[in-house]
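Reviewing the structure listed below.
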Amino acid sequence: MLNFRTDLATERRDLYQKANNIENQIDGLESQKEVDENIKIERVKITNENGEKAIGKPMGNYITIDIKKLKIAQDEELKKASETLANELRKIIDEHIDKKGEILVVGLGNIYVTPDALGPKVINNIEVTRHIINYLPQYVKEGTRMVSAISPGVLGTTGIETLEILKGIVDNINPKLVIVIDALASRSIERISSTIQISDTGIVPGAGVGNTRAELSIKTLGIPVIAIGIPTVVETAVLVNDSLDLFITKLQEEAKSNDYLNQLKAEDNYEEIREALDPNDYNLIVTPKEIDELIENMATVVSGGINNAV
């Protein structure tokens, strides 16, 4: 299997196709694209074991929403992005539970580490209703879905695996579905803070940055787990590889033609760059300098999308 080092199913598919010189659809994968102004939606479905083995993701649905101007988005643009997320999330929730099924929203990550703070910041804006329905039902509109929320922290500060915490909660309050929010890693600097992935196969926290924790899925929790993630970091090797591509493009434009540069750009040099950086621990995890503001924008989009969907 390729060393993907990305949490995004679309990136894994593209990397697999490039590494194996595949131009057509991969056996076991179905794709569908939709473009609306600055928002592009791509739905990837893994349908069999061949698809699973090819990109290293379990069978299920993966929806990628690319919002190219999220980094500098104004309120109206954030609202539109949130509505797009809500529409896609609502469809995938309805495939797994009925309109009254209780939902537990979980924000993964460390509130004290900005690139990893997406989950906890989203939780602060989730409209929870479980306690109101239980204790003040007269103030709740009929048909309102029960929603509870928690940010369980990280192993380094709690000493408890996230799975252990969530299993205890699920066993006690019996929700019908879990929505997990987490920061992701990407293999493209272009996707940082500009891509949202929704999947109904659960999540393996920390997998994208080589700090794999226990899986959160229907297999481990006993109920469906929908994961929502946005890339906030890349490796140094990714940054160098993408920068090299941009540099070669500039040289090509000036030189008009150069067979060596054409060949170099056609290849994915990530592995060679990573191998050069790893021995000296130079393959750092990198995030944009504006990450504080970006996290706030992303938290607004994701919390609004979840609130509207549930």
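The values are calculated or read from the model by the stated rules, or taken from the named source; none is laboratory data. Note that the structure is predicted; figures quoted are calculated from it, not measured. Every residue, glycine as well, gets a Cβ built from its backbone with ideal geometry; the counts of neighbours run over all protein chains shown. Ligands, DNA and RNA are stripped out before the accessible areas are found, and what is left, the full protein with its side chains, is counted by its heavy atoms. Shrake-Rupley method; radii C 1.70, N 1.55, O 1.52, S 1.80 Å.
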Self-check item: Residue list for region 164-193, filter: part of a helix (DSSP H, G or I), at pLDDT 95 or above and closer than 18 Å to Ala227 by Cβ
Solution: Ile165, Leu166, Lys167, Ile169, Val170
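Output the residues belonging to region 106-121 that are within 20 Å of Lys176 (Cα to Cα) and assigned to a loop (DSSP other than H, G, I, E, B).
Hit for region 106-121 is Leu108, nothing else.
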Quiz item: Across region 1-40, which residue is modelled with the lowest pLDDT among those that are basic (Lys, Arg) and surrounded by 15 or more Cβ atoms within 10 Å (Cβ to Cβ)?
Solution: Arg5
Quiz item: For region 170-185, how many residues are closer than 30 Å to Asp292 by Cβ and over 9 Å from the mean Cα position of the chain (by Cα)?
Solution: 3
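Which of the residues spanning region 59-84 are within 26 Å of Asn21 (Cβ to Cβ) and under 15 Å from the mean Cα position of the chain (by Cα)? Explain how you work it out, then say what you get.
Initial filter on region 59-84 (within 26 Å of Asn21 (Cβ to Cβ)): 59, 62, 64, 66.
Listed by number, the residues that qualify are Tyr62, Thr64, Asp66.
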Practice problem: Just give me the residues in region 81-125 being under 26 Å from Gly222 (Cβ atoms) and of a type in the set (Gly, Ala, Ser), in sequence order. | Solution: Gly101, Gly107, Gly109, Gly119
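Kindly provide the set of residues from region 94-116 that are open to solvent by 40 Å² or more (accessible area, probe 1.4 Å) and in contact with a Leu (Cβ under 7 Å, 6 or more places away or on another chain), ordered by number. Explain how you work it out, then say what you get.
In the first step, residues of region 94-116 are kept if they are open to solvent by 40 Å² or more (accessible area, probe 1.4 Å); the result is 94-96, 98-100, 111-114, 116.
Correct list: His96 only.
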Quiz prompt | Odd one out for Gly119, checked against (1) touching a Leu at 6+ places or on another chain (Cβ under 6 Å); (2) open to solvent by 10 Å² or more (accessible area, probe 1.4 Å) | solution = (2)
Quiz item: If you go through region 134-146 one residue at a time, do you hit one that is among the small types (Gly, Ala, Ser) and within 23 Å of the chain's Cα centre (by Cα)?
Solution: no
Quiz item: Applying the selection to region 122-145, what residues are open to solvent by less than 70 Å² (accessible area, probe 1.4 Å) and assigned to a loop (DSSP other than H, G, I, E, B)?
Solution: Ile126, Val128, Thr129, Val140, Gly143, Thr144, Arg145
Self-check item: Residues of region 85-105 satisfying the condition of being within 20 Å of Glu42 (Cα to Cα) and either within 17 Å of the chain's Cα centre (by Cα) or in a helix (DSSP H, G or I) (or both)
Solution: Leu85, Ala86, Asn87, Glu88, Leu89, Arg90, Lys91, Ile92, Ile93, Asp94
Practice problem: Just need a number here: residues in region 41-84 that are in a helix (DSSP H, G or I), open to solvent by 30 Å² or more (accessible area, probe 1.4 Å) and not β-branched (Val, Ile, Thr). | Solution: 11
Practice problem: Would you please list the contacts, defined by Cβ atoms under 7 Å and residues six or more apart or on different chains, that run from a residue in region 23-40 that is outside any strand (DSSP E or B) to a residue that is of a type in the set (Lys, Arg) and open to solvent by less than 50 Å² (accessible area, probe 1.4 Å)? | Solution: Ile26/Arg13
Quiz item: Of the residues Gly107, Gly60, which single one is touching a residue at least 12 places away in the same chain (Cβ under 8 Å) and on the phi > 0 side of the Ramachandran plot?
Solution: Gly60
